[in-house]
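Participant: One structure, pasted below without further comment.
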Amino acid sequence: MLQDYTPVLLHVIIAVGFATVAMIANIVLGRTGKRNPTKDSVYECGMVPEMAGQPRFSVKFYLVAMLFILFDIEIVFMYPWAVVYQDFIAESGTIILWSMLSFVLILLFGYVYAIKKGALDWSR
Amino acid sequence: MIDPVFLEVSVVVLGIFLLMAEAFGLAKEKSTLAWWAIGGLAAVFIGTFFIGPNSNSFEVSGFYVVDGLSLFFKRFVLISTILVLVMSVDYLPIVQRLVPAERPGAGSGEFFILPVFTCAGLMWMVSATDFIMIFCALELVTISFYIQVAYLRRSMSSLEAGTKYLILGALSTGFLVYGITWFFGATGQTNLVAIREVLPLIPVANHPAILFGLALVLVALGFKIAAVPFQFWVPDVYQGAPTPVTAYLAVASKAAGFLVLIRVLEPFFTVPSFQNKLFLALVLLALLTLVFGNLAAIPQTNFKRLLGYSSIAHAGYLLMGLAAIGDAFAGGAVVFYLSGYLLMTFLAFLILVPVTKASGGDDIAHFNGLARRSPGLALAMLIAAASLAGVPFTVGFFGKFFIFEAAMNQGLYLLVLAGIVTVASGFYYYFKVIRAMYWQPAPEDAGPVAITKTSSVAIFILAMLILILGVYPQLLIGMLP
């Protein structure tokens, strides 16, 4: 069984080997000269950079992104559920409905909490 | 009679109720939330004594098991959570100072609500018999811990601890999932009972795949229980996290991790070819953890950091018990040790909170002259330190004694020797606190340490239990599953 994984191992060896060879070749062939401040500076289409490269974002963006992902995952979770729903209900009864409803109910409470705490209030 | 499934469900419902109460501002004082949580968890704790047979289809599908062991640990987790909440009420002023808030007190209610969700996760974790269930419960626990560790947003060390815990925790989760896929690939099962049945039938050619999976899972759970060499996060996270959260991490998270470890490793101890390799790995882990945890604790000057290293050291003794699992009483010894560990660790942290509030820090130097300032607290701390070190007539002594006995019966003489030597070094670093309390002068302006009624009651009960069980351990042994 383990022999089946030989291509994977080969792939790993080639990937690591290629990266190593490329980096070493860069040092050997690239004739890296002496560094100076002009060479190390940020090149932005010939313009002089004006401020720090990483401006600070408002935390609201992260909050909204996080909430979006939470409810996005909920939908992702519902697709396979909806696909097997009919077959499952014919076999084992309505437990599939109640388990999904309790899951959605918990998320609903989370949603109410987020609204009451002002997580979706952009002006705050 | 209560269906056991309802235990966790009612804890989750309690958590949601508290969350809504916080969102709609039902509780005037934030500490009211904590009292509601304590009341609810106490009710669930009483409920654990009226468990009927599990009628739910969960058990049939093998996800969830309720046996003596899991029931014992459910109670263990509930008691830990209640103690954490008691401690949190005491800790509230520090939280409110270090959490930015628009209105006074805003943003500190969740400090009492998150432990309730962690509690539900831990309760599921100790009942889980399927890797999927173990993973989900573990995630509920870890994600709520991420928030709790980084709760003090104005404290740089708390944020640092949160980042460290998040990154290393996510890494260890990755190891766990990868390990599970290897198990699934080799056995076609995620269920531990099914894996146990399939395991002896696996052809020898597939054994390396299973051993690889086992190693990965061992890494992930080693992270949870703070075994060397997966302990790098422990000192920083323990020092930076809010003190009640540190206590929670040190006791409940570690205990649940050990129980999951026992459940996961159990099938592999039944097959001789795995048994030998697993045994070697456990002995090595135990040896490293014992030596590193105890030696690194010696130079510490911060009390929370010291307890962090001490928690690594205790994981070493527990792993020693796990390596001796072939002995009839080894499992009982591990559970006894964990119970004693709960008592003494919570006692130490319960005393640390008022001392931190009164002296402004959690270094050992802040304990200076405590014996003259508050003799009662100092005496309780003396009991806690003595028990952590393993002095006779405390529960810590019997915990170590039973583990060593089990290891001797299994012929692990090297481990026992390392254990005895490291206990000696333990005496040194635990007694630094005692020296500070009894032999160092108190600061000039220091009066008695203020302490709430509930905390002093909890401290009294824990100290008495340590002494009683140190003289009469049969009381606890009778309750062991």
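The values are calculated or read from the model by the stated rules, or taken from the named source; none is laboratory data. Quantities reported herein were computed from a predicted structural model and do not represent experimental measurements. Every residue, glycine as well, gets a Cβ built from its backbone with ideal geometry; the counts of neighbours run over all protein chains shown.
Participant: Please specify each residue of region B:349-393 satisfying the condition of being surrounded by fewer than 21 Cβ atoms within 10 Å (Cβ to Cβ), within 23 Å of B:Leu338 (Cβ to Cβ) and touching a residue at least 60 places away in the same chain (Cβ under 8 Å).
Facilitator: Across region B:349-393, the qualifying residues are B:Pro392, B:Phe393.
Participant: Pairs please, first residue from region B:191-212 and within 14 Å of chain A (Cβ to nearest Cβ), second anywhere and not in a helix (DSSP H, G or I), Cβ atoms under 8 Å, 6+ apart in sequence or on different chains.
Facilitator: Final answer for the pair search is B:Ala205/A:Met1; B:Asn206/A:Met1; B:Ala209/A:Met1; B:Ile210/B:Ile202.
Participant: Inspect region A:42-52 for any residue being more than 14 Å from chain B (Cβ to nearest Cβ), of a type in the set (Gly, Ala, Ser), loosely packed, with under 10 Cβ neighbours inside 10 Å and on the phi > 0 side of the Ramachandran plot and give the result as yes or no.
Facilitator: Yes.
Participant: Right, next: Taking B:Gly47 as the residue in question, decide whether it is at pLDDT 90 or above and over 21 Å from B:Phe349 (Cβ atoms).
Facilitator: So B:Gly47 fits the description; yes.
Participant: I need the full set of residues from region A:72-101 which are loosely packed, with under 12 Cβ neighbours inside 10 Å and either at positive phi or not aliphatic (A, V, I, L, M) (or both), in order please.
Facilitator: A:Asp72, A:Tyr79, A:Pro80, A:Gln86, A:Asp87, A:Glu91, A:Ser92, A:Gly93, A:Thr94, A:Trp98, A:Ser99 - these are the residues of region A:72-101 that are loosely packed, with under 12 Cβ neighbours inside 10 Å and either at positive phi or not aliphatic (A, V, I, L, M) (or both).
Participant: Among the numbered criteria (1) surrounded by 10 or more Cβ atoms within 10 Å (Cβ to Cβ); (2) within 13 Å of chain B (Cβ to nearest Cβ); (3) at pLDDT below 90, which one does A:Arg124 miss?
Facilitator: Among (1) surrounded by 10 or more Cβ atoms within 10 Å (Cβ to Cβ); (2) within 13 Å of chain B (Cβ to nearest Cβ); (3) at pLDDT below 90, the lone unmet condition for A:Arg124 is (1).
Participant: Additional query: Say we look at region B:379-419 and pick out the residues that are touching a Phe, Trp or Tyr at 6+ places or on another chain (Cβ under 8 Å) and aromatic (Phe, Trp, Tyr); which of these is nearest to B:Thr289 (Cα to Cα)?
Facilitator: Ranking the qualifying residues of region B:379-419, first place goes to B:Phe402.
Participant: Sort through A:Phe68, A:Phe61, A:Phe57 and tell me the only one that's assigned to a loop (DSSP other than H, G, I, E, B), under 28 Å from the mean Cα position of the chain (by Cα), more than 14 Å from every other protein chain (Cβ to nearest Cβ) and of a type in the set (A, V, I, L, M, F, W, C).
Facilitator: Checking each option against the conditions leaves just A:Phe57.
Participant: Only one of these is under 25 Å from B:Leu138 (Cβ atoms) and out of contact with any Leu (no Cβ under 9 Å at 6 or more places or on another chain): B:Gly326, B:Gly321, B:Gly331, B:Gly316. Name it.
Facilitator: B:Gly321
Participant: Just to be sure before I move on: is B:Ser425 touching an Asp or Glu at 6+ places or on another chain (Cβ under 7 Å), in a helix (DSSP H, G or I) and either modelled with pLDDT of 95 or more or among the hydroxyl-bearing types (Ser, Thr, Tyr) (or both) in the structure I sent?
Facilitator: Criteria not met by B:Ser425.
Participant: Please specify each residue of region B:78-113 satisfying the condition of being within 25 Å of B:Val449 (Cα to Cα) and among the small types (Gly, Ala, Ser).
Facilitator: Across region B:78-113, the qualifying residues are B:Ser80, B:Ser88, B:Gly105, B:Ser108.
Participant: For region B:3-12, enumerate the residues that are part of a helix (DSSP H, G or I) and crowded, with 17+ Cβ neighbours inside 10 Å.
Facilitator: Once the filter is applied, which keeps residues that are part of a helix (DSSP H, G or I) and crowded, with 17+ Cβ neighbours inside 10 Å, region B:3-12 yields B:Val5, B:Leu7, B:Glu8, B:Ser10, B:Val11, B:Val12.
Participant: Another question, if that's okay. Looking at this structure, is B:Phe431 in contact (Cβ under 8 Å) with a residue 12 or more places away in the chain, part of a loop (DSSP other than H, G, I, E, B) and out of contact with any strand residue (DSSP E or B) (no Cβ under 6 Å at 6 or more places or on another chain)?
Facilitator: Judged against the criteria, B:Phe431 is not a match.
Participant: Of everything in region B:3-26, what is more than 10 Å from chain A (Cβ to nearest Cβ) and either within 16 Å of B:Pro115 (Cβ to Cβ) or within 26 Å of the chain's Cα centre (by Cα) (or both)? Give them in sequence order.
Facilitator: B:Pro4, B:Val5, B:Phe6, B:Leu7, B:Glu8, B:Ser10, B:Val11, B:Leu14, B:Leu18, B:Ala21
Participant: Quick check on my filter: what residues within region B:292-312 are in contact with an Asp or Glu (Cβ under 8 Å, 6 or more places away or on another chain) and over 16 Å from B:Val251 (Cα atoms)?
Facilitator: B:Thr301, B:Asn302, B:Phe303
Participant: Only one of these conditions is not met by B:Leu83: (1) surrounded by fewer than 21 Cβ atoms within 10 Å (Cβ to Cβ); (2) over 25 Å from A:Ile106 (Cα atoms); (3) away from chain A (no Cβ under 14 Å). Which number is it?
Facilitator: (1)
Participant: Also, quick follow-up: Would you check if there is a residue in region A:100-118 being more than 24 Å from B:Arg103 (Cα to Cα), in contact (Cβ under 8 Å) with a residue 12 or more places away in the chain, within 14 Å of another protein chain (Cβ to nearest Cβ) and more than 28 Å from the chain's Cα centre (by Cα)?
Facilitator: So far as region A:100-118 goes, no, none of its residues is more than 24 Å from B:Arg103 (Cα to Cα), in contact (Cβ under 8 Å) with a residue 12 or more places away in the chain, within 14 Å of another protein chain (Cβ to nearest Cβ) and more than 28 Å from the chain's Cα centre (by Cα).
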